[in-house]
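K.L.:
Can you keep this structure in mind? I'll have questions shortly.
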Amino acid sequence: MRRWRRRIILSLAGLLLLLIFFLGYAGRFLVVDQPQRSEAIVVLAGGRDDRYYKGLEMLGKGYANILFLDARTDVVQFGRTPFSMGQAFIQTSAGALLDKARMCPITGDSTDEEAGHVADCLRPTGARRVLLVTSDYHTRRAFQIVRVRLPQYQWSVAAAHNRYDFGVNWWQHREWAKTALLEWTKLLWWEAVDRWR
């Protein structure tokens with residue numbers, strides 16, 4: 001009886017330590033921010049404008065000579081596609097970098113689907129080293145997806161931060177917790193299912 005009680009206590013203590021580790025490290029694990037000088041920058045579709053502005057910042061700092069902003073052509077909202085809205089937005093926001101910013105048309109609503117369209121946009125540039133820009137919580141999964149789906153490129157990744165959607169201390173705000181839980185679900189699904197398709 002004593003032996004069983006001791007095993008149960010040790011097991012519960014181990015589970016508690018695992019839970020504490022997960023709570024403290026789960027948010028940080030999602031974020032990869034290791035940009036390297038490249039030949040092209042790809043800003044993934046989705047998220048808020050912070051992704052685009054982070055890509056523009058990296059372009060201005062000389063991390064690459066061309067930037068592609070991914071946007072969908074297969075959905076319409078208020079009479080316009082995200083692609084056409086992105087084109088107009090670049091015209092008014094890119095400033096001196098306008099001649100280096102391009103749109104990349106995509107369809108589908110997953111990063112995995114987006115990767116094929118990214119290859120179509122990059123191919124004419126001859127680029128081999130590419131800097132991926134996406135939301136901080138999305139960096140680990142997106143980085144893994146492009147490295148698996150587009151191994152012909154050497155990838156690095158830059159994280160765009162948005163304090164509304166996510167923080168590494170994800171348990172401190174309801175929105176951060178929702179984002180972390182959803183991203184962990186998508187990351188596990190990628191690792192267990194989609195990666196092997």
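Read-outs: derived from the displayed coordinates by stated rules, not from any lab. From a predicted model like this one, the values you see are computed outputs, not experimental measurements. Cβ sites come from the backbone with ideal geometry, for glycine too, and all protein chains shown count toward neighbours.
K.L.:
Return the FRET efficiency for the residue pair Trp171, Arg128: r is the Cβ-Cβ distance, R0 is 45 Å, and the value is rounded to the nearest 0.05.
P.N.:
The value I calculate is 0.65.
K.L.:
Amide H neighbours of Ala159 under 5 Å, at least 5 residues apart or on other chains, H built in the peptide plane: list them.
P.N.:
Gln34
K.L.:
Further question: Residues with beta-carbon under 9 Å from that of Gly108, excluding Gly108: net charge, scoring Lys, Arg +1 and Asp, Glu -1?
P.N.:
Result for the neighbourhood of Gly108: -4.
K.L.:
Hey, with R₀ at 41 Å, roughly what FRET efficiency would Arg7 and Lys186 work out to, going by the Cβ-Cβ distance, to 0.05?
P.N.:
0.70
K.L.:
Taking the mean number of other Cβ atoms within 10 Å as a proxy for protection, how do you rank 31-44, 75-88, 150-163 from highest to lowest?
P.N.:
Ranking, from highest mean packing down: 31-44, 150-163, 75-88.
K.L.:
While we're here: What is the spin-label model distance, in nm, from Thr92 to Asp120 if the labels are put 7 Å beyond Cα along the C-beta direction?
P.N.:
If labels sit at Thr92 and Asp120, their model points lie 2.8 nm apart.
K.L.:
Here's something else I'd like to know. Amide H of Arg72: which non-local residues (sequence gap of 5 or more, or other chain) have their own amide H closer than 5 Å, using H built in the peptide plane?
P.N.:
Phe83, Ile106
K.L.:
Amide H of Glu39: which non-local residues (sequence gap of 5 or more, or other chain) have their own amide H closer than 5 Å, using H built in the peptide plane?
P.N.:
Here Arg128, Arg129, Val130, Leu131 satisfy the definition.
K.L.:
Would you mind counting up the charge near Gln154? Only other residues with Cβ under 15 Å from its Cβ, with Lys and Arg at +1 and Asp and Glu at -1.
P.N.:
That works out to +4.
K.L.:
Let me ask another. In the chain, what is the count of Lys pairs whose alpha carbons are under 29 Å apart, counting only pairs at least 8 residues apart or on separate chains?
P.N.:
Counting lysine pairs in the chain gives 5.
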